[in-house]
Amino acid sequence: MAIEITSESLAGARPQPTVDYEESPAAPVSEFSGSSQRSLQSRFRLTNSSWARRNFSSRARELSGGDAIILSIPKSGRTWLRAFLCAYFCRRFGLEFTLRTGRYDLPGFPRIVFSHDLFEHRTKGDRWDRIRGKYLVPRRELNRAKIILLARDPRDCFVSLYLQLTRRDPNAAVKLKQKTVSEMLRDEKFGMRAIINAMNNWLNEFSQRDNFTLVRYEALRASPAEHFRDLLAVLGEPSPDANIFQEALEFSRFENMQKLEAAGAFDSNILHPGDVRDPESFKVRRGKVGGYSEYLSTEDQQFAAAAITELDRRFGYTA
């Protein structure tokens, strides 16, 4: 299969035990200056606590019942992937297109839960939200469903996330919106280190499972037909209808999605620009591989390159 990493291929490389998470400081990422190391402490450490991954909030229901759970850092290409899958399965079952994957409850129509999980747990809401585990996928769901981790180069993720927070998200704190890209890059919650920590934590937690698949955004961009076909196979559709498959590919092309987003054609707030006059405020912005270099100074690129050396090498991203 073209999907590059499964539990079988991960098993021989730097095996790690399955783990959970709780609040506690962790060792700082190397290559950061001394004062930054002391201040940039991870909010969570790996632990075997039996209760750490429970969700006691009403939102647990939204994160439950999926045949598959797709986890990702924000701005990893999740909306593109969602648009393709929804276009394919809605057309396949003769249903009206929707981005709300739980809208239809039909045999053979997979329910897919999309979540930023650990990253949102660490960046959204208040202390009470974190105590309740509001943004965590419940342990029982992770034990039951297929897990797909969508990965993207953390540098590209960061730049897109920075633009979303400062140009698109009306709920972002004013202090956050006022940060420069250089300041945000080093931010404890939203910077490079936070992204890398979450990615490493997910891979450590799931890489030994038989029903785990790692998908790289860059591979999807390089060969969407090949990799989307393999993704459908993971979701129980090993022989997709050729015509419907091609229609879904065309529908989910970036240019088409940008046009539809600008026209407000979607049934979800997922795809609405912050300002139709500002291309940088669109949810579907550029999707460019390596585009971070156009936004980061030489010094910031060096900082990001030093940080990415701490990313688990199984992801395949290097400085």
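For Arg78, the conditions (1) open to solvent by less than 20 Å² (accessible area, probe 1.4 Å); (2) of a type outside the set (Ser, Thr, Tyr); (3) touching a His at 6+ places or on another chain (Cβ under 9 Å) are fulfilled apart from (1).
Considering region 199-230 alone, what residues qualify as being assigned to a loop (DSSP other than H, G, I, E, B) and open to solvent by 10 Å² or more (accessible area, probe 1.4 Å)? Walk me through it before giving the result.
Keep residues of region 199-230 that are assigned to a loop (DSSP other than H, G, I, E, B), which gives 207-211, 223.
Correct list: Gln208, Arg209, Asp210, Asn211, Ser223.
Taking the stated definitions as given, is Leu185 at pLDDT 95 or above, under 16 Å from Val159 (Cβ atoms) and buried (at least 17 other Cβ atoms within 10 Å of the Cβ)? Criteria met by Leu185.
Has region 165-175 got any residue that is within 14 Å of Glu120 (Cβ to Cβ), open to solvent by 30 Å² or more (accessible area, probe 1.4 Å) and not in a loop (DSSP other than H, G, I, E, B)? No, the conditions are met nowhere in region 165-175. Quick check on Thr18: is it at pLDDT below 50 and β-branched (Val, Ile, Thr)? Yes: the conditions hold for Thr18. Restricting attention to region 34-79, and to residues there that are of a type outside the set (A, V, I, L, M), at pLDDT 90 or above and not in a loop (DSSP other than H, G, I, E, B), which single residue is farthest from Arg139 (Cα to Cα)? Filtering region 34-79 for residues that are of a type outside the set (A, V, I, L, M), at pLDDT 90 or above and not in a loop (DSSP other than H, G, I, E, B), the one farthest from Arg139 (Cα to Cα) comes out as Arg78. Being closer than 26 Å to Gly316 by Cβ and touching a residue at least 24 places away in the same chain (Cβ under 8 Å) holds for only one residue in Arg209, Arg253, and it is Arg209.
Within region 140-162, the residues that satisfy the criterion of being open to solvent by less than 40 Å² (accessible area, probe 1.4 Å) and not in a helix (DSSP H, G or I) are Ala145, Ile147, Ile148, Leu149, Leu150, Ala151, Arg152, Asp153.
Return a yes/no flag: does region 121-133 have any residue that is closer than 19 Å to Gly236 by Cα, among the acidic types (Asp, Glu) and without any contact (Cβ under 8 Å) to a residue 40 or more places away in the chain. Looking through region 121-133, none of the residues is closer than 19 Å to Gly236 by Cα, among the acidic types (Asp, Glu) and without any contact (Cβ under 8 Å) to a residue 40 or more places away in the chain. Being out of contact with any Cys (no Cβ under 8 Å at 6 or more places or on another chain), among the basic types (Lys, Arg) and in contact (Cβ under 8 Å) with a residue 12 or more places away in the chain is a description that does not apply to Lys175.
Return a yes/no flag: does region 127-139 have any residue that is closer than 24 Å to Gly291 by Cβ, open to solvent by 20 Å² or more (accessible area, probe 1.4 Å) and outside any helix (DSSP H, G or I). No: region 127-139 contains no residue that is closer than 24 Å to Gly291 by Cβ, open to solvent by 20 Å² or more (accessible area, probe 1.4 Å) and outside any helix (DSSP H, G or I).
The values are calculated or read from the model by the stated rules, or taken from the named source; none is laboratory data. Please read all numbers here as calculations on a predicted model, not as lab measurements. Note that we place each Cβ from the backbone using ideal geometry, even for glycine, and neighbour counts take in every protein chain shown. The area values use the complete protein model at the heavy-atom level, side chains included, leaving out ligands, DNA and RNA. Shrake-Rupley method; radii C 1.70, N 1.55, O 1.52, S 1.80 Å.
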